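Engineer: Quick one: the structure is below, and I'll ask about it shortly.
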Amino acid sequence: MLGVLPGIIGVIQTTEAIKWILGIGNSLLGRLLIYDALEMSFREVKFSANPDCPLCGTHPTISGLEAKPGLEVIICSPASPGV
Amino acid sequence: MPKRYQDLVAEAKKEVPEISAEEVCQKVLRSDDFVLLDVRDPEEFRAGHIQGALSISRGMLEFRVREALPSPEKPIVVYCAAGSRSLLAGQVLKVMGYVDVHSMAGGIRRWRDLGYPTLKEKQMNPEQLERYSRQILLPQVGERGQQKLLAAKVLLVGVGGLGSPAATYLAAAGVGRLGIVDSDQVDLTNLQRQILHFSNDIGRPKTESAKETIKALNPDISVTTYAERLDPSNVNRIIEDYDLILDGADNFPTKYLLNDACYFASKSLIYGSIFQFEGHATVFHRGQGPCYRCLFPVPPPAGLVPT
């Protein structure tokens with residue numbers, strides 16, 4: 001990957017951190033910012049809390065760090081595209 | 001005929017209504033519907049001011065007030081040391097279009113005489129004032145914002161591609177306490193993007209070389225290192241000391257673990273990930289929006305590595 005890509009995202013994260021500390025501006029809460037270096041474009045996907053989320057949903061199945069199924073098992077799951 | 005200072009104050013008094021310290025005190029306790037503006041010099045403000053007051057010195061008033069107070073209808077109470085500068089400042093504010101301006105009679109001296117409380121700010125030293133001057137100049141930051149940055153504690157999980165620029169800019173901005181978690185050693189292949197580490201750091205723990213670079217950039221910053229891999233047994237202990245967590249992890253297990261741990265501890269998490277030519281960023285905070293698992297319920301297939 002190009003070294004500048006994490007540079008840009010890391011700096012965006014830092015901007016959010018500094019704004020958070022100062023209590024100014026609008027944060028990225030509920031918005032996924034997507035940067036495409038080849039197209040040189042930013043787009044934004046709004047997303048809300050998922051009521052079926054196993055962690056923060058209405059009937060959570062994850063109640064603590066220890067109780068969580070092994071992450072290494074999850075990571076090998078064939079399911080789901082994503083990032 | 002040239003006017004004397006007393007004449008100017010007397011004229012201002014005709015234009016700017018005064019309000020008693022007692023009345024201001026009641027208002028301060030009751031309402032957010034007005035702005036309390038301290039027009040004394042920054043040193044005087046730091047030495048003691050009324051809680052919630054905005055600081056714009058008389059000398060900077062015309063330059064800075066519009067940006068700091070964009071709404072001309074919002075009522076303003078101006079105060080100074082003894083009530084004269086605030087009258088003159090009030091006059092200027094009226095000329096600049098602020099409709100509802102009062103000057104606090106007797107200034108903060110009267111306020112103190114009545115036994116009302118003031119807040120003192122920890123003094124920044126002259127070097128700090130100079131180092132951070134370009135951001136202190138922003139009305140949204142100011143000296144008070146800089147104090148917040150200096151008092152803030154941020155944890156960086158990973159000092160690789162994402163954590164390197166993050167640590168650099170946080171340290172440069174004067175974020176006073178940084179924690180860095182990383183169990184890796186610096187490798188030649190890292191140097192193309194992990195800008196905290198240099199060629200002669202190859203083979204050293206990343207936490208060490210990161211700390212050295214941060215300290216060289218800004219000796220003000222205190223750095224705590226955790227040369228360990230986050231897991232369910234250590235994550236709570238590590239995050240509990242910090243106000244804010246920045247996710248610079250390069251693997252999904254750590255990203256999910258961090259999401260869950262920050263959720264349970266109600267810590268704000270600033271998420272970032274990258275793949276090939278695409279990068280993602282967002283912020284999670286319990287109760288204020290979705291979490292990482294809402295966005296990506298299950299990890300992507302192995303092989304899609306985030307950094």
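Every number in this text was worked out from the coordinates using simple rules, so none of it is lab data. Small disclaimer: the values here were computed from a predicted structure and weren't measured. All Cβ positions, even for glycine, are placed from backbone atoms using ideal geometry, and neighbour counts span all protein chains on display.
Engineer: If I take R0 = 51 Å and measure r between the Cβ atoms of B:VAL95 and B:ALA265 in this structure, what FRET efficiency does the formula 1/(1 + (r/R0)^6) give, to the nearest 0.05?
Structural biologist: On the way: r = 51 Å, r/R0 = 1.00.
It comes out at approximately 0.50.
Engineer: So what's the convex hull volume per residue for the Cα atoms of the range B:5-120, in Å³? Mind showing how you got there, number by number?
Structural biologist: Numbers: hull volume 10.8 nm³, N = 116.
Output value, Cα hull per residue: 93 Å³.
Engineer: List, largest first, the extents of the alpha carbons of the protein assembly as shown along their principal axes, each in whole Å.
Structural biologist: Result for the protein assembly as shown: principal-axis Cα extents of 85, 51, 43 Å.
Engineer: How many partner chain Cβ atoms sit within 10 Å of a residue's Cβ in peptide B:260-273, on average, as a whole number? All intermediate terms of the calculation are to be shown ahead of the outcome.
Structural biologist: Details: counts 8, 2, 0, 5, 5, 0, 0, 0, 5, 0, 9, 5, 10, 4.
Per residue, the number of nearby Cβ atoms from other chains is 4 on average.
Engineer: For the range B:5-120, build the charge dipole from Cβ charges (+1 Lys, Arg; -1 Asp, Glu) around the Cα centre, then report which of B:LEU37, B:VAL24, B:THR118 sits farthest towards its positive end.
Structural biologist: So the residue we want is B:THR118.
Engineer: Next question, about the same structure. To the nearest 0.05, how large is the calculated FRET efficiency for B:ALA47 and B:GLN6 if R₀ is 22 Å and r is the Cβ-Cβ distance? Provide the component values of the computation, followed by the final result.
Structural biologist: Working: r = 27 Å, r/R0 = 1.21.
Once rounded, the FRET efficiency stands at 0.25.
Engineer: I need B:ARG177, B:ARG66 ordered by Cβ neighbour count within 10 Å, fewest first. Don't skip to the answer; put the middle values down first.
Structural biologist: Values: B:ARG177 18, B:ARG66 13.
By the 10 Å Cβ count, ascending, the order reads B:ARG66, B:ARG177.
Engineer: Another one. Going down the list B:LYS74/B:LYS120; A:LYS19/B:LYS153; B:LYS94/B:LYS120; A:LYS46/B:LYS255; B:LYS13/B:LYS74; B:LYS74/B:LYS94, which pairs span over 22 Å between their C-alpha atoms?
Structural biologist: Numbers: B:LYS74/B:LYS120 26 Å; A:LYS19/B:LYS153 14 Å; B:LYS94/B:LYS120 30 Å; A:LYS46/B:LYS255 20 Å; B:LYS13/B:LYS74 20 Å; B:LYS74/B:LYS94 12 Å.
In this structure, B:LYS74/B:LYS120; B:LYS94/B:LYS120 exceed 22 Å between Cα atoms.
Engineer: While we're on this one: Can you show me the helix-derived [θ] at 222 nm for chain B, built from DSSP H runs with n ≥ 4 at -39,500 (n - 2.57) apiece and divided by the number of residues, rounded to the nearest 500.
Structural biologist: Values: 14 runs with 118 residues, N = 307.
Computed ellipticity for chain B at 222 nm equals -10500 deg cm²/dmol.
Engineer: Working from the alpha-carbon coordinates of chain B, get Rg over Rh, Rh being the Kirkwood radius.
Structural biologist: On the way: Rg = 25.1 Å, Rh = 22.5 Å.
That ratio is 1.11, to two decimals.
Engineer: Starting with the fewest neighbours, write out B:THR225, A:THR14, A:THR58, B:THR213 ranked by other beta-carbon atoms found within 10 Å of each beta-carbon. Could you put the intermediate results ahead of the total?
Structural biologist: Details: B:THR225 17, A:THR14 26, A:THR58 9, B:THR213 20.
Listing B:THR225, A:THR14, A:THR58, B:THR213 from fewest to most nearby Cβ atoms yields A:THR58, B:THR225, B:THR213, A:THR14.
Engineer: What translational D, rounded to a whole number of µm²/s, comes out for the range A:4-75 from Stokes-Einstein when the hydrodynamic radius is the Kirkwood one over Cα pairs, at 4 °C and 1.567 mPa s?
Structural biologist: Once the numbers are plugged in, D ends up at 85 µm²/s.
Engineer: Tally the DSSP beta bridges in chain B and give the antiparallel ones as a percent, rounded to 5. Can you show the working numbers first?
Structural biologist: Values: 9 of 37 bridges.
Just about 25 percent of them are antiparallel.
Engineer: Another one. Put one equal scatterer on each alpha carbon of the range B:152-295, apply the Debye formula with no solvent term, and list log10 I(q)/I(0) at q = 0.09, 0.18 1/Å to two decimals.
Structural biologist: -0.25, -1.02
Engineer: Once each part is reduced to its C-alpha centroid, what is the distance from the range B:158-190 to the range B:245-298 in angstrom?
Structural biologist: 17 Å
Engineer: What number, in percent, do you get for the relative contact order of chain B if the mean sequence gap of Cα pairs under 8 Å and at least 6 apart is divided by its residue count? Mind dumping the intermediate values first?
Structural biologist: Details: 518 pairs, mean separation 37.7, N = 307.
Worked out over chain B, it gives 12 percent.
Engineer: By counting other Cβ atoms within 10 Å of each Cβ, how are B:MET1, A:MET40 ranked from fewest to most? Working shown, then result.
Structural biologist: On the way: B:MET1 4, A:MET40 8.
The fewest-first ordering by Cβ neighbours comes to B:MET1, A:MET40.
Engineer: Residue by residue through B:284-291, how many Cβ atoms from other chains fall within 10 Å of the Cβ on average? Walk me through the intermediate numbers first.
Structural biologist: Numbers: counts 4, 4, 2, 2, 4, 9, 11, 7.
Per residue, the average neighbour count from other chains is 5.
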